[in-house]
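Visitor: Structure in structure tokens, see below.
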Amino acid sequence: MKEKLWVRRVREDDDREAFEKIFREYYKRLHGFAYTYVEERTAAEDIVQSVFLKIWTDRKNWDPPGTVKQYLFASVRNEALNILRHEKIVIETRESVIESFREHHQAKKAETAETEALRLKIEEGIEKLPHRCRQIFLLNRRSGLTYTEIADYLGISINTVNTQMGRALKSLRDTLSDYLPALVSGSIISFFF
């Protein structure tokens, strides 16, 4: 009966003293009860404090059905279960993100190995080109010179530059035919072809 009086005083009179009496009466038992769910002292304290904070914040409407004890223990249980559900979601999300990162990292690692093998094969193909053909190809693709600029620089005709570039590209396509799908999907194609 005294608890119902405390509840009425909290609800109708904003009576802090009555609220503190309820708090002191149940805090220790509620803390122990919350601990059975979360198994962590600070988390259990937070749960109990959260329940009492909600009661005080909404005290004008606070009218627990049944006993105060039943209400408080049910509220602590619900708060603890909400926290556990939230933690489970956080853990599952974290694990999912970590797994996605791991898969992405492994894919990138494999892609990097493929790209490196392709790059080496391209370099090998370029090295196999005849000297003048290789020189013209590199001036165009690595130095960014136009056919006209290459012709002026080397003192040869534009037709010679055009013919040598055609030979270089055909030779590289033949050398890299096994790698063509990787070339098409990668950015290396724009650099060399």
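Computed from the coordinates by the stated procedures, all read-outs in this text should not be read as laboratory data. The structure presented is a predicted model; accordingly, all values stated were derived computationally and were not measured. Here Cβ is always computed from backbone atoms with ideal geometry, including for glycine, and neighbour counts include all displayed protein chains.
Visitor: Given [x] 1.01; [y] 1.13; [z] 2.34, which label gives Cα Rg over 2.2 N^0.38 Å as computed from the coordinates?
Guide: Correct label is [z].
Visitor: Each label point is 7 Å from the Cα along the Cα-to-Cβ direction; what then is the distance between the points at residue 40 and residue 78, in nm?
Guide: 2.3 nm
Visitor: What whole number of Å gives the distance from the Cα centroid of the range 3-53 to the Cα centroid of the range 126-185?
Guide: 81 Å
Visitor: All other residues with a Cβ under 13 Å from the Cβ of residue 87 taken together, and with Lys, Arg as +1 and Asp, Glu as -1, what is their net charge?
Guide: So the environment of residue 87 carries a net charge of -3.
Visitor: Still on this structure: For the pair residue 159/residue 28, report the inter-label distance in nm, with labels modelled 7 Å from Cα in the Cβ direction.
Guide: The two pseudo-label positions are separated by 10.7 nm.
Visitor: Now, a different point. Please identify the longest segment of the chain free of exposed trypsin sites (Lys or Arg not before Pro), where exposed means a DSSP state other than H, G, I, E or B and no more than 16 other Cβ atoms within 10 Å.
Guide: For trypsin sites (Lys or Arg not before Pro) (loop position, at most 16 other Cβ atoms within 10 Å), the longest site-free span of the chain is 1-127.
Visitor: Separate question: Note down the nm distance, to one decimal, between modelled labels 7 Å out along Cα→Cβ at residue 58 and at residue 88.
Guide: Distance between the two pseudo-spin positions: 2.3 nm.
Visitor: Sequence gap at least 6, Cα distance under 8 Å: using those rules, report the relative contact order of the range 2-93 to the nearest whole percent.
Guide: Computed value for the range 2-93: 33 percent relative contact order.
Visitor: Where nothing but the Cβ of Lys and Arg (+1) and of Asp and Glu (-1) is charged, how large is the charge dipole of the chain around its Cα centre, in debye to the nearest 20?
Guide: So the magnitude is around 120 debye.
Visitor: OK, next. Treating cross-link reach as a plain straight distance, find the lysines whose alpha-carbon is under 21 Å from the alpha-carbon of residue 121, omitting any fewer than eight places away in the same chain.
Guide: Once the sequence-local lysines are set aside, what remains near residue 121 is 108, 109, 170.
Visitor: Next question. With an 8 Å Cα cut-off and a minimum separation of 6 or more residues, compute the relative contact order for the chain in percent.
Guide: Relative contact order for the chain comes out at 16 percent.
Visitor: Expected output is a single nm value to one decimal: the length gained when fully extending between residue 120 and residue 96, i.e. 0.36 nm times separation in residues minus the C-alpha distance. What is it?
Guide: Taking 0.36 nm per residue and subtracting the Cα distance, the gain is 5.1 nm.
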